Amino acid sequence: MTSRDSMYGGEKALNPDPNWPGLDGGAPTSEFNADRLKKLAGELESYMPGMRGPAYSEGYTTGSTEGFKPEAMLTEQQLGTWQAASAFAKTVGASTSDEQGGRALGHVYDLFVTRLEEVIRAIRLNAGEYDGANQANTGGNGTKA
């Protein structure tokens with residue numbers, strides 16, 4: 001398909017919705033508030049000490065990645081020997097394979113926490129970009145250039 005086909009008809013023409021916001025130039029534009037992005041990053045970051053903290057606190061597991069790993073190693077004896085419990089134990093419980101059981105569950109949890117840290121960094125970076133763009137667009141002194 002050529003760009004002409006996509007714009008002016010043809011066998012595979014793109015026919016966007018005529019009410020699609022922004023196509024007519026009159027729709028309001030999206031604005032991103034860097035302060036709100038920073039606040040969101042801060043809220044997400046407030047969960048990190050519990051996720052990356054010590055394994056145990058005051059004799060209890062913390063739910064951190066370090067505390068989760070040994071506690072995830074459930075056995076069939078702990079879960080039960082009926083069919084569903086047995087299958088569950090083999091899936092998420094103690095296993096000699098690093099690709100199965102509690103090791104895998106702990107690994108996935110660790111990956112989740114790592115990705116959450118990356119999301120927080122990305123939100124902060126985006127907030128910084130919006131701050132810089134807003135400052136450049138206002139001439140750096142709060143007035144429109």
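If the Cβ limit is 6 Å and pairs must be 6+ apart or interchain, which residue in the range 27-52 that is farther than 16 Å from ARG124 by Cα pairs with which residue that is at pLDDT below 95 and of a type in the set (Val, Ile, Thr)? The qualifying pairs are MET51/VAL113.
Taking helices (runs of 4 or more DSSP H) as the structural unit, those lying wholly within the range 1-83 and holding at least 2 residues that are surrounded by 12 or more Cβ atoms within 10 Å (Cβ to Cβ) and at pLDDT 70 or above correspond to 34-45, 48-52, 65-71, 76-79.
The values are calculated or read from the model by the stated rules, or taken from the named source; none is laboratory data. Keep in mind that this is a model prediction, so the values were computed, not measured. In this analysis, Cβ positions are derived from the backbone assuming ideal geometry, glycine residues included, and neighbour counts consider all displayed protein chains.
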